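The values are calculated or read from the model by the stated rules, or taken from the named source; none is laboratory data. None of these values were measured; they are calculated from a predicted model. Using ideal geometry, Cβ is built from the backbone for each residue, glycine included, and neighbour counts are taken over all protein chains shown. We work out accessible area using only protein heavy atoms, side chains counted, and drop any ligands, DNA or RNA first. Shrake-Rupley method; radii C 1.70, N 1.55, O 1.52, S 1.80 Å.
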Amino acid sequence: MLKLRNIETFYGNIQALKNINMDVKEGEIITLIGANGAGKSTTLMTICGVTKARRGEVHFQGQPIHGMTPDKIVALGINQVPEGRHIFPYLTVMENLDMGTFLRKDTENIKKDLEYIFDLFPRLAERRHQAGGTLSGGEQQMLAISRAIMTRPKLLLLDEPSLGLAPIIVKQIFDIIKKINKENNTTIFLVEQNANLALKIAHRGYVMETGSITMSDTGENLLSNEDVKKAYLGI
Ligand code: ATP
């Protein structure tokens, strides 16, 4: 579904991504783990066209997308929940969710998707008229994920959904990521520092170190890999 080939991304003279090759199959949960500054967010930004690769190619469903603008890439069905959530603080929960539907005209399905979201996140249903900025950190993360689901993405890119959240909320959010993947067949590309949780829900994982992919395997195999245990699982 998604292919990255020989991707090299720079910020000025600094090379953030070095010869990145990745494959994501339809229906998979893929995770990309690595230390701070390894290049994980840059990989997501390169896929969704916000940052342009200097060399290499990105293909989505057989189509080259590395030259496209971010809005064209969203229209193809790739949506990103960026690190730090970026909800609209002065808009209500409902209005934030409406922002996810601006490319859609299928009113009936939009209604169904809203019901689905409120079913997934009853807390958002209770707070539908509350301003986004007054929600707790966990609720804002739920809202950011929900807004992305409202675009009916084929591929959902999640950047550090666990960041700054209490363990119990993180567990809820990861359960829901699994649910969205299973029930809607949404392919998930998950960037995480919480390697333990991410590898547990992922079908496959990639390990990134200073701009390069150093390992790739099933989530299960990476969890039991001695190097991964030492470097990322604190074991
Ligand atoms: P974290 O987990 O801390 O978010 P990351 O793995 O997502 O880290 P990136 O944010 O992709 O890493 O950063 C990769 C490298 O690129 C880092 O050295 C970072 O300092 C650099 N970098 C990222 N964004 C910019 C920018 N806008 N301008 C210059 N350098 C940048």
For this session: Go through the residues of the range 140-156 one by one and say whether even a single one is at positive phi and charged (D, E, K, R).
Result: yes
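Is one or more of the residues making up the range 54-61 without any contact (Cβ under 8 Å) to a residue 12 or more places away in the chain, open to solvent by 40 Å² or more (accessible area, probe 1.4 Å), within 16 Å of the ligand (Cβ to nearest atom) and of a type outside the set (Gly, Ala, Ser)?
Taking the range 54-61 first, the residues without any contact (Cβ under 8 Å) to a residue 12 or more places away in the chain are none.
No, the conditions are met nowhere in the range 54-61.
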Exercise. Regarding GLU220, is this residue of a type in the set (Asp, Glu) and within 16 Å of the ligand (Cβ to nearest atom)?
Worked result: no
Exercise. Can you name the number of the only condition in (1) within 16 Å of the ligand (Cβ to nearest atom); (2) β-branched (Val, Ile, Thr); (3) open to solvent by less than 10 Å² (accessible area, probe 1.4 Å) that THR214 fails?
Worked result: (3)
Exercise. Since GLU192 meets every condition but one in (1) in contact with a strand residue (DSSP E or B) (Cβ under 9 Å, 6 or more places away or on another chain); (2) modelled with pLDDT of 90 or more; (3) more than 19 Å from LEU158 (Cα to Cα), which condition does it not meet?
Worked result: (3)
Problem set entry | GLY77 being at positive phi, open to solvent by less than 50 Å² (accessible area, probe 1.4 Å) and not hydrophobic (A, V, I, L, M, F, W, C) | yes
For this session: Report yes if some residue within the range 167-183 is within 16 Å of the ligand (Cβ to nearest atom) and under 15 Å from LEU32 (Cβ atoms); otherwise report no.
Result: no
For this session: Confirm whether GLU209 is open to solvent by less than 40 Å² (accessible area, probe 1.4 Å), of a type outside the set (Lys, Arg), within 16 Å of the ligand (Cβ to nearest atom) and in contact (Cβ under 8 Å) with a residue 12 or more places away in the chain.
Result: no
Exercise. In a loop (DSSP other than H, G, I, E, B) and either at pLDDT below 90 or surrounded by fewer than 12 Cβ atoms within 10 Å (Cβ to Cβ) (or both): does that describe GLU83?
Worked result: yes
Exercise. Do any residues in the range 76-104 that are within 16 Å of the ligand (Cβ to nearest atom) have Cβ atoms under 7 Å from those of residues that are of a type in the set (Ser, Thr, Tyr), where the two are at least six apart or on different chains, and which pairs are they?
Worked result: GLU83/SER41
Problem set entry | Those residues of the range 59-99 which are under 16 Å from the mean Cα position of the chain (by Cα), closer than 17 Å to GLU139 by Cα and of a type outside the set (A, V, I, L, M), in sequence order | PRO82, GLU83, GLY84, ARG85, HIS86
